[in-house]
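The values are calculated or read from the model by the stated rules, or taken from the named source; none is laboratory data. None of the values given here were measured: they were computed from a predicted structure. Note: ideal-geometry Cβ built from the backbone for every residue, glycine included; neighbour counts use all protein chains shown. Side chains are part of the model used for accessible areas, which takes the heavy atoms of the whole protein and leaves out ligands, DNA and RNA. Shrake-Rupley method; radii C 1.70, N 1.55, O 1.52, S 1.80 Å.
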Amino acid sequence: MRHLPNLITCLNLLSGCAAVVFVMKGEVQTGCYLVFLAAFFDFFDGLAARALNAWSSIGKELDSLADVISFGLVPGLIIFRLLQPGDFPVPGQEWAFTSFLVTVFSALRLASFNVDDRQKNSFLGLPTPACGLFIASLPFIPDLFPQAGTFIGHPLFLLPLTLMLSYLLVAPLPLPSLKFSREDKAGNRFRYIFLGICLLLILFLKFAAVPVIVVLYLLSPVVLRANKV
């Protein structure tokens, strides 16, 4: 049983590898579904490790290696595909490779997380799964809101978004952990409220809820500070 968390982490990695194949084939939405599946495994490997008291330094490193594929490489590929939906790369449009800044900064964020003792119970910067899910939700938005299709794949939207997300990954922005804790009752109250809001948004907006949820998460420190005051 002590190997179960690492097995779940490997399923995260496998989902990310499969997502790479589908996105490169042009089946972007299928790849995005696999990113969401990877996030499911990413959540439950930590849960299993805590429940079984099976935490290990190898598991921590393996988790980061899986995340850099599922929530670093794949989101970069998704943006690249949105910029170049046909056969790629298109000659003269090498600037589209800037989409992989998300991949580079995801790797930097994961490496700094592994050596930063300040991030045991909270985060500094946007977590890579949140960034990956934000990007993986974009290809579904035109299906839900057709009027949004005109700008979702436009370089003037995607390139600034890439730069902004890359910065947020490594920004010294304190963000709360969404893991429930027996000792942090006030924090748990916030987590229950936030989870309830997320479920309502998903119910009404479906995949389009993900970017809204990420923005609310980025704003959550302001709400927490206001409650303390």
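Between (1) 113; (2) 170; (3) 129, which entry matches volume of the Cα convex hull per residue in Å³ as derived from the coordinates of this structure?
(3)
Accessible area per residue, 1.4 Å probe, Å², for the range 1-128: what's the number?
On the way: 6590 Å² over 128 residues.
Solvent-accessible surface per residue comes out at 52 Å².
About the Cα centre, and with charges only on the beta carbon of Lys, Arg (+1) and Asp, Glu (-1), how big is the dipole of the chain? Nearest 20 debye, please. If you can, show how the numbers build up before the last one.
On the way: 16 positive and 13 negative charges, 172 e Å.
In total the dipole reaches around 820 debye.
Tell me the angle of helix 185-205 to the major Cα principal axis of the chain, expressed in degrees between 0 and 90 and rounded to the nearest ten.
The angle comes out at about 30 degrees.
Could you work out the relative contact order of the chain, using alpha carbon pairs under 8 angstrom and six or more residues apart, expressed as a whole percent? Display every interim value, and only then the final one.
Values: 286 pairs, mean separation 44.6, N = 229.
Taking the mean separation of contacting Cα pairs over the length of the chain, I get 19 percent.
Given a 10 angstrom Cα cut-off, can you work out which residue in Ala66, Ala111, Ala136 is the most mobile in a GNM of the chain?
Sorting by GNM fluctuation, first place goes to Ala111.
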